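Chemist: Here you go, one structure.
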Amino acid sequence: MSTSETTHPDPSVVPQTSPSEAEKGNQVSPVKPSETPARAKLPADVKTTISKVDEIILRISKLIKTTAGLGAALSTLNYSIYVAAYLHSKSPTRAALISYISRIVGRTSKLPPVGGSTAVAGTSFLTPLGSLVSDTRTTLRLTGLIPLYIWLKSLSSAKTSGQMDPSLRTVGIIQCTGYIVFQLLENISHLAGKGVVPMSVIEKRGGISKWVAWSCRAWLVGVACDYLRLLRESQLEAANKQALTAQQKEAWDRKWWNEFMVATYWMPVAVHYSLYPTGIKGFNSGIVGLCGLMAGLNNFRNQWAATA
């Protein structure tokens with residue numbers, strides 16, 4: 001577990017604006033081989049493949065143009081790499097090959113025997129790639145305090161106070177405050193790691209390990225608040241059950257359970273990082289990657305579907 005692996009729930013904590021209608025009207029259409037004389041002579045399978053690849057590239061371009069889309073894409077990529085790196089480092093075939101080569105060159109393999117339970121997960125070439133993507137995400141989150149400030153301002157307004165359920169509003173303020181503390185501590189520690197902020201600022205106040213731990217504890221507060229919010233929403237929905245049609249009730253239940261599962265996937269990751277630098281015993285990078293991937297998968301699907 002490294003300081004660059006500290007994570008924040010990828011679904012945005014405030015609503016994201018979607019591309020304007022004007023932008024949608026200026027979008028480029030996928031390549032149609034039948035409209036290109038040179039490609040029209042290619043075999044049908046090749047033309048179909050070219051068209052599909054071109055369509056995917058265009059959709060990726062649309063995806064990363066929005067803040068929410070870019071965040072979802074990088075999150076999915078990041079956690080997928082974590083899982084792949086862990087599985088790659090644990091591969092019995094790879095471990096056996098390294099051991100065999102080590103014996104040939106007359107060196108003792110540093111890896112444990114095949115099937116051992118103590119293989120080092122950091123031996124995969126994918127590990128530095130995952131760290132690079134994680135570092136990119138952390139850098140992009142440097143502006144995260146701005147939407148959090150707007151969210152807190154909205155929750156604190158007199159208009160929201162009069163319209164919003166008091167319990168939900170209180171939970172929202174606590175959650176937003178937790179995320180602000182997390183983001184502030186992460187920003188300072190990240191900038192210190194890049195040399196922008198003097199490292200002495202952190203060293204005089206407990207050191208980097210404590211900063212990471214406390215920033216993630218603040219994130220843990222935010223994740224825990226999701227359970228309180230969902231509990232209150234279920235109570236309000238139960239009291240208002242007759243006002244919903246069967247279709248609306250089904251859609252509400254689906255949304256509620258999806259948000260519950262997202263919080264459930266994030267919770268062990270938040271607890272793990274809150275215990276930095278030791279973490280939860282046995283909670284390796286593969287489990288972190290799987291939890292993060294599952295938590296952000298639905299968000300990525302929604303963002304990807306919006307590019308169609």
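Chemist: Of the residues Val133, Val171, Val181, which is touching a Lys or Arg at 6+ places or on another chain (Cβ under 8 Å), assigned to a helix (DSSP H, G or I), surrounded by 14 or more Cβ atoms within 10 Å (Cβ to Cβ) and modelled with pLDDT of 95 or more?
Modeler: Val171
Chemist: Within the set of pairs 6 or more residues apart or between chains, which connect a residue that is surrounded by fewer than 17 Cβ atoms within 10 Å (Cβ to Cβ) inside the stretch 258-271 to a residue that is polar (S, T, N, Q) with Cβ atoms less than 8 Å apart?
Modeler: Going by the 8 Å Cβ cut-off, the qualifying pairs are Asn258/Asn298.
Chemist: Could you grab the pairs with beta carbons closer than 9 Å, sequence gap of 6+ or different chains, first residue in the stretch 157-174 and over 23 Å from Ala218 (Cβ atoms), second one acidic (Asp, Glu)?
Modeler: Filtered contacts from the stretch 157-174: Asp165/Glu233.
Chemist: Continuing with the same structure: Kindly provide the set of residues from the stretch 125-181 that are aliphatic (A, V, I, L, M) and within 30 Å of Ile81 (Cα to Cα), ordered by number.
Modeler: Going through the stretch 125-181, the residues aliphatic (A, V, I, L, M) turn out to be 126, 129, 132-133, 140, 142, 145-146, 148, 150, 152, 155, 158, 164, 168, 171, 173-174, 180-181.
Within the stretch 125-181, Leu126, Leu129, Leu132, Val133, Leu140, Leu142, Leu145, Ile146, Leu148, Ile180, Val181 meet the criteria.
Chemist: Still on this model: Looking at the stretch 131-140, is at least one residue polar (S, T, N, Q) and farther than 17 Å from Ser75 by Cβ? Outline the logic, then answer.
Modeler: Within the stretch 131-140, the subset polar (S, T, N, Q) is 131, 134, 136, 138-139.
Still in the running and farther than 17 Å from Ser75 by Cβ: none.
Scanning the stretch 131-140 turns up no residue that is polar (S, T, N, Q) and farther than 17 Å from Ser75 by Cβ.
Chemist: Any idea which residue in the stretch 272-308 is farthest from the chain's Cα centre (by Cα), counting only those that are surrounded by fewer than 15 Cβ atoms within 10 Å (Cβ to Cβ) and assigned to a helix (DSSP H, G or I)?
Modeler: Per the criteria, the residue is Ala305.
Chemist: If you don't mind, there's one more thing I want to ask. Which one of these does Asp54 not meet: (1) closer than 25 Å to Ala270 by Cα; (2) at pLDDT 90 or above?
Modeler: (1)
The values are calculated or read from the model by the stated rules, or taken from the named source; none is laboratory data. Computed from a predicted model, the values in this text were never measured in an experiment. Heads up, the Cβs are rebuilt from the backbone with ideal geometry, glycines too, and the neighbour counts pull from every protein chain shown.
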